[in-house]
1. Setting aside same-chain residues fewer than 8 positions from Lys122, which aspartates and glutamates have a Cα under 17 Å from its Cα?
2. Going down the list Lys61/Lys108; Lys108/Lys146; Lys21/Lys172; Lys206/Lys285; Lys39/Lys201; Lys72/Lys217, which pairs span over 18 Å between their C-alpha atoms?
3. How far, in degrees from 0 to 90, does helix 3-15 lean away from the longest principal axis of the Cα atoms of the chain, to the nearest 10?
4. Eigenvalues of the Cα gyration tensor times 5, then square-rooted: what semi-axes does that give for the range 178-235, in whole angstrom, largest first?
5. Between the range 76-124 and the range 139-172, how many Å separate their Cα centres?
6. Return one number: the angle in degrees, 0 to 90 and rounded to the nearest 10, between the long axis of the Cα atoms of helix 217-226 and the longest principal axis of the Cα atoms of the chain.
7. In whole Hz, with x marking every Gly and Pro, tabulate ³J(HN,Hα) for the range 172-182 from phi via Karplus 6.51 cos²θ - 1.76 cosθ + 1.60, θ = phi - 60°.
8. Can you tell me what percent of all Cα-Cα pairs in the range 63-107 are more than 15 Å apart?
Amino acid sequence: ATPTSIMAGSGRSAEFGILFKGGEHLELTHRVTTVVLDKTGTVTNGEPTLTDVIPVGMDEKELLQIVGAAEKLSEHPLAEAIVAGIREKGMELTNPDEFEAIPGFGVKAVVGGKTVLVGTRKLMAQAKIEIKPALEMMEEMERNGKTAMLVAINNEYAGMVAVADTIKPTSKEAVQRLQDMGLEVIMMTGDNQRTAEAIAKQAGIKQVIAEVLPEGKADEVKKLQMQGKKVAMVGDGINDAPALAIADIGMAIGTGTDVAMEAADITLIRGDLNSIADAIFMSKKTIRNIK
Ligand code: ADP
Ligand code: MG
């Protein structure tokens, strides 16, 4: 590999908003066979909005007051969406008496002396809360690509809130380009299977790995590598950092967290997933010039 072609390739890529950390990454990127995309903030805009509030045995305001307080101290994008949605309705939020984030599952809080859980089916199952009456509506929302979260108050099912995120306007064409290059494209998320499939379908992605716990993303990448695949992982979150580090090529979205960028080999300054195909193209071109 001549230093001159590497330098030229790095410089040219930088003009496109693709920052290679080192020349070796520019040389290796063309070998990628499989592109794994994080869902939230990578395929989607990562700005979910509150779309549905389904109270059970109380009115909407009462449910939102409790859910808002429970989520107020959470830094999760879903919590931020819920809190913003409640504030938009002109409601004031109170503080929880106690708060605990349960990564990959939801939150547990004490609000006005009541124990509150907000999160996944598994969170409810662990607390032995009966959620059967909620499931049909929950599945319907998920089929529409929404993330529905169950609420329990004092160990009883008390309703549901749902948020929706939209795919980036360029995600579909970017995925198509990768597939046209003969690459396998997979979406990976902690969100449930049904929501994940609905979002993947909108982006033209055929393979989904869903309900991955925050610490499980790196293991999923390892499994693909053990099948002989050369994996590019693309993500934006703190959760994605271990997977970005272990992947053959880690690509961080420049609009994401610093932790992701530190763990990655390449930063894609534009949030646009077209940069993935551009990076692979630049790598191929550099290698050709070297040979
Ligand atoms: P993602 O990879 O989509 O960011 P996470 O692994 O962080 O997902 O979370 C998985 C699931 O756990 C979410 O889809 C949601 O159902 C639930 N969850 C996580 N955090 C919260 C929260 N603060 N409030 C309610 N539900 C949550
Ligand atoms: Mg993300």
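Read the figures in this text as sums done on the coordinates, not as results from a lab. Note that the structure is predicted; figures quoted are calculated from it, not measured. So basically every Cβ, Gly included, is an ideal-geometry build from the backbone, and we count neighbours across all protein chains shown.
1. Hits, sequence-local ones excluded: Glu100, Glu130, Glu136, Glu139, Glu142, Glu156, Asp191, Glu211, Glu215.
2. The pairs that break the limit, which is 18 Å between Cα atoms, are Lys61/Lys108; Lys108/Lys146; Lys21/Lys172; Lys206/Lys285; Lys72/Lys217.
3. Long axis of 3-15 versus the principal axis of the chain: about 40 degrees.
4. 18, 17, 8
5. The range 76-124 and the range 139-172 have Cα centres separated by 14 Å.
6. 40 degrees
7. Coupling constants for the range 172-182: 5, 5, 5, 5, 4, 4, 5, 5, 5, 7, x Hz.
8. 35 percent
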